[in-house]
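The values are calculated or read from the model by the stated rules, or taken from the named source; none is laboratory data. Keep in mind it's a predicted model, so treat the numbers as computed, not measured. Glycine also receives a Cβ, built like all others from the backbone with ideal geometry; neighbour counts cover every protein chain displayed. We work out accessible area using only protein heavy atoms, side chains counted, and drop any ligands, DNA or RNA first. Shrake-Rupley method; radii C 1.70, N 1.55, O 1.52, S 1.80 Å.
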Amino acid sequence: MAQMTMIEAIREAHDVAMAADERVVVYGEDVGYFGGVFRCTAGLQEKYGKSRCFDAPINEAGIVGTAIGMAAYGLKPVIEIQFADYVYPAYDQIVSEAARLRHRSNADFTCPIVIRMPTGGGIFGGQTHSQSPEALFTHVSGLKVVMPSNPRDAKGLLLASIADPDPVIFFEPKRLYNGPFDGHHDRPIVSWKKHPLGEVPDGDDIVPLGKAALRREGNDVTVLAYGTMVYVAEAAAEATGVDAEILDLRTLLPLDLDAIVDSVRKTGRCVIVHEATRTSGFGAELMSLVQEACFYHLEAPMIRVTGWDTPYPHAQEWEYFPGPGRVGEALKKVMED
Amino acid sequence: MSDDVSPLSLNVPEPGCRPGDSPDFSDFEIPRAGSVPRPAVDVDPDEIRDMAFSIVRVLNKNGEAVGDWAGALSTEELREGLRHMMTLRTFDARMMNAQRQGKTSFYMQHLGEEAVSCAFSRAMQPGDMNFPTYRQAGLLIARDYPMLTMMNQIYSNAEDPLHGRQLPIMYSSKEHGFFSISGNLGTQFVQSVGWAMASAISGDTRIAAGWIGDGSTAESDFHAAMVFASTYKAPVVLNIVNNQWAISTFQGIARGGVGTFAARGHGFGIASIRVDGNDYLAVHSVAKWACERARRGLGPTLIEHVTYRAGGHSTSDDPSAYRSKSEAAAWPLGDPIERLKQHLITIGEWSEERHKQAEAEILDQVVTVQKEAEAVGTLAAGKTPSPRDMFEGVYETMPSHLIRQRQEAGF
Ligand SMILES: Cc1ncc(C[n+]2csc(CCOP(=O)(O)OP(=O)(O)O)c2C)c(N)n1
Ligand SMILES: [Mg+2]
């Protein structure tokens with residue numbers, strides 16, 4: 001065990017995977033010599049050489065397209081898109097190519113690539129450094145979509161993603177890189193240094209894809225959350241005193257439906273929280289699944305707490321960001337209904 | 001594997017100099033000022049292919065303006081140009097500092113690149129449209145866009161013309177020929193070609209200018225822009241600002257095997273020129289030539305402005321982690337403000353005292369405006385735009401779901 005930030009945990013996952021398997025190559029914008037603008041790949045070029053960790057030209061379609069070609073050859077590219085907000089030029093390569101390669105070639109060619117990208121807001125990044133586009137990827141058959149919320153999961157899930165035979169979109173909530181964040185932006189910054197989830201196992205232990213984690217046990221309402229919103233939900237439960245059960249979904253696709261259904265059947269209530277915009281967001285999918293599986297167990301209408309359907313604003317960040325106040329209101333409301 | 005070939009290896013270009021190395025620009029060929037002839041504006045792009053490998057320069061080591069490209073500006077205009085660049089630099093320094101004091105979230109400066117946007121601006125006419133990146137605020141300063149409005153946006157205060165929605169420095173002003181900056185690299189380069197095509201479709205005489213950084217030329221949008229500009233002979237000037245770095249990545253990663261960025265134009269049959277981006281007179285003269293070509297329907301021009309990003313990429317960046325601290329000082333094309341100042345002194349139209357006095361006046365002006373902006377508000381101190389503003393302007397008419405969400409939000 002070692003105490004780490006999420007950045008260090010991600011770096012270590014790369015290190016472990018690169019040491020174990022020569023086929024793992026790592027690249028992206030500013031990823032090589034500098035080690036990435038968030039430093040998640042620092043030291044890898046020095047350790048594994050320039051052919052296994054290098055800077056890419058600024059062309060996201062090119063980064064993903066070449067990764068698909070490398071995977072077709074037999075390598076395992078782990079690539080970085082500098083911010084999730086900049087993935088769109090690569091969307092065609094991801095959706096039309098990476099996601100379908102196995103199916104359309106009947107596994108003649110496959111695409112074991114990991115596409116990492118910092119996601120989410122809370123850093124005053126405005127509309128081009130704050131977006132949460134996970135639903136654009138969960139809508140695509142053939143992709144897996146992962147979002148860790150702490151250093152321990154980040155390392156284990158990244159190792160599982162690299163080992164996975166299919167393309168994985170790996171979202172890293174950038175506001176969590178250096179510490180958990182519960183939305184109380186006016187309070188002192190908390191670091192991972194003393195946090196139990198900052199304790200990261202050594203070696204190559206994976207956290208399996210498709211398994212949610214129970215972050216808080218409770219009896220009154222199930223909160224489905226992932227990424228930064230896990231901490232916001234915890235803070236809201238503490239503040240309101242509502243006995244909430246908080247599930248950190250960790251993998252959005254494939255989803256741990258069993259964990260969700262077990263919890264909602266127990267509590268009979270459900271609040272869904274995500275930072276992304278509401279309309280056609282991942283919360284809509286979660287609501288449908290819960291409705292299909294738990295309708296007769298529900299005692300109140302489900303509630304979604306999400307970002308608003310606007311571009312992510314700069315000055316109004318904290319009015320946009322679904323903070324503990326809004327989540328707390330939803331918890332109280334779902335208990336009154 | 002065939003027996004007669006050795007194993008392949010990956011070519012990853014490296015800059016000449018990393019932290020700890022001493023910078024060496026001896027491989028960097030700098031033609032003498034005045035040595036590149038100025039062709040007629042209706043020249044066949046094929047006949048000036050060598051211009052993509054040379055550098056148009058006007059100011060020589062002694063501060064004299066020499067050669068065919070000299071003589072386009074009056075001394076009054078040159079003094080004004082100097083003032084624009086000095087204003088931009090002072091403005092940047094104050095705003096960098098304001099960011100450090102926590103008054104705003106983020107800032108990007110132009111240090112060392114002031115000539116590019118300030119001089120180019122002079123070649124454009126009212127009604128023309130720039131599609132800038134975040135490092136061309138000189139286009140606004142030189143067009144007398146109110147500095148107070150710029151600061152209000154940087155502070156995201158209640159007078160921010162973009163209502164706090166957009167990042168600091170991602171300005172927008174149709175009136176000043178300045179298209180809204182998005183922040184996504186490369187996207188706007190191709191839009192400039194579309195704007196120019198629209199001018200041609202409409203039988204107008206207005207032209208557009210696209211802007212892109214060296215690193216961003218790697219984006220597919222760059223190539224899309226080039227093919228559309230080439231096919232439709234769009235009235236556009238396509239500017240590459242080669243400041244040698246894209247955050248931590250040196251220009252060789254985007255340039256690859258081609259000799260220069262300007263040479264990319266050749267495959268598209270586009271007139272392509274390199275210019276000394278730290279030479280105010282050269283930038284202006286080349287810009288004027290290219291704008292005239294565009295306006296006369298003679299086709300697009302690709303200009304590579306050869307310059308150096310003397311500061312960090314942004315307030316989030318510390319370049320000492322990836323390049324030598326002494327590289328900026330070793331940059332062989334010097335400093336644009338210093339060079340224009342020397343030129344004016346050489347021709348007897350400026351002096352050290354006048355320069356000092358101008359510096360003091362400009363600082364005074366910027367500080368006065370800054371106080372005014374800070375009195376309106378800053379991101380840190382509040383008096384920021386209303387949360388209502390984030391719901392406005394998503395559509396022309398707010399749809400019912402947004403009205404409901406705004407009510408739910410309590411605004
Ligand atoms: C599509 C996209 N990808 C990545 C980024 C992140 N990014 C912002 S600036 C930058 C470097 C740009 O370098 P260059 O084009 O040379 O312009 P310069 O900053 O040097 O003016 C990068 C990679 C972005 N803004 N948009
Ligand atoms: Mg650059």
A:Lys76, B:Lys383, A:Lys50, reordered so the largest accessible area comes first (probe 1.4 Å): B:Lys383, A:Lys50, A:Lys76
FRET efficiency estimate (nearest 0.05) - Cβ-Cβ, A:Tyr91 to A:His184, R0 30 angstrom: 0.30
More than 31 Å apart - percent of Cα-Cα pairs taken over chain A: 29
Rg to Rh, two decimals, where segment B:111-196 supplies the alpha carbon set and Rh follows Kirkwood: 0.95
Listed residue (A:Ala160, A:Ala244, A:Met335) projecting farthest to the positive dipole end of the protein assembly as shown, Cβ model: A:Met335
Rg [Å, one decimal], Dmax [Å, integer] - chain B, C-alpha atoms: 22.2, 76
Only Lys, Arg (+1) and Asp, Glu (-1) charged, at Cβ; chain B dipole about Cα centre in debye: 720
Bins of 10 Å from zero: percent of alpha-carbon pairs in the protein assembly as shown: 3, 13, 22, 24, 19, 12, 5, 1, 0
Rule-of-thumb Rg ratio for segment A:82-148 [Cα; 2.2 N^0.38 Å; N residues]: 1.24
Accessible area in the full protein assembly, largest first, 1.4 Å probe, for A:Phe137, A:Phe54, B:Phe411: B:Phe411, A:Phe54, A:Phe137
Unit charges on C-beta of K, R, D, E only; dipole of chain A, Debye: 260
Most to least accessible of B:Ser320, B:Ser192 (protein chains only, probe 1.4 Å): B:Ser320, B:Ser192
Quotient of C-alpha Rg and 2.2 N^0.38 Å, computed over segment B:299-363: 1.52
Cα convex hull of segment A:184-257 - mean projected area over all directions, nm²: 6.2
Sorted largest first, extent of segment A:154-281 alpha carbons per principal axis (Å): 40, 36, 30
Global size of segment A:249-292 as Cα Rg and Dmax, reported in angstrom: 10.5, 29
Label point 7 Å beyond Cα of A:His297 along Cβ direction - residues of segment A:213-229 with amide nitrogen under 14 Å: A:218-224
Computed accessible area, A:Thr66, all protein chains, 1.4 angstrom probe, square angstrom: 70
Relative contact order of chain B, pairs being alpha-carbon contacts under 8 Å that are 6 or more residues apart, as %: 24
Shape call, segment A:36-143: gyration tensor on alpha carbons, a/c limit 1.5: oblate
Inter-site label distance for A:Lys193 and A:Leu214 at 7 Å from Cα along Cβ, in nm: 3.3
Mean Cα-pair separation over length for segment A:274-315, i.e. relative contact order, pairs under 8 Å, 6 or more apart, %: 64
Förster radius 41 Å - calculated FRET efficiency between A:Asp205 and B:Asn11, Cβ distance, rounded to 0.05: 0.65
Between segment B:90-158 and segment B:256-277, the alpha-carbon center distance in angstrom: 27
HN-Hα J in Hz across segment A:61-71 - Karplus 6.51, -1.76, 1.60, θ = phi - 60°, x for Gly and Pro: 4, x, 4, 6, x, 5, 4, 5, x, 5, 5
Ratio Rg/Rh [Cα only; Rh per Kirkwood] for segment B:94-147: 1.03
Segment A:1-95: Cα Rg divided by the 2.2 N^0.38 Å rule of thumb: 1.05
B:Gln125-B:Arg404 pseudo-label distance in nm [points 7 Å out on the Cα-to-Cβ vector]: 5.2
Buried on assembly, segment A:293-315 (at least 40 Å² less accessible surface than by itself, 1.4 Å probe): A:Trp308, A:Asp309, A:Thr310, A:His314, A:Ala315
Sites B:Asp318 and A:Glu336 - FRET efficiency at Förster radius 51 Å, r taken between beta-carbons, to 0.05: 0.50
Chains A and B together, accessible area buried on both sides, 1.4 angstrom probe, square angstrom: 3300
Cα-based convex hull, segment B:187-257, per residue volume (Å³, whole number): 76
Computed lengthening from A:Leu257 to A:Arg100, 0.36 nm per intervening residue step minus Cα-Cα distance: 54.1 nm
Amide N proximity, segment A:305-337 versus B:Leu148 label position 7 Å along Cα-to-Cβ, cut-off under 11 Å: none
Residue-averaged beta-carbon neighbours from other chains (10 angstrom radius) around A:21-33: 3
Segment B:208-310, dipole about Cα centre (Lys/Arg Cβ +1, Asp/Glu Cβ -1), debye to the nearest 20: 280
Cα-Cα pairs of segment B:146-278 separated by more than 25 Å (percent): 36
For segment B:285-399, alpha-carbon Rg and Dmax in angstrom: 22.2, 64
Shielding by other protein chains, A:123-136, mean Cβ within 10 Å: 3
Distance in nm between pseudo-label sites at A:Phe109 and B:Phe411 (7 Å out along the Cβ direction from Cα): 4.7
Shielding by partners, peptide B:182-189 (average Cβ within 10 angstrom, other chains): 4
Among B:Met151, A:Cys270, A:Gln3 - extreme Cα towards positive end, dipole of the protein assembly as shown, charges at beta-carbon: B:Met151
Ellipsoid semi-axes in whole angstrom, largest first, where each is sqrt(5λ) of the Cα gyration tensor of segment A:94-239: 29, 18, 15
Segment B:Glu353-B:Asp44, length gained on full extension (0.36 nm per residue, minus Cα span): 106.5 nm
Under Karplus coefficients 6.51, -1.76 and 1.60, residue-wise ³J(HN,Hα) of segment B:15-22 in Hz, glycine/proline x: x, x, 8, 10, x, x, 7, 9
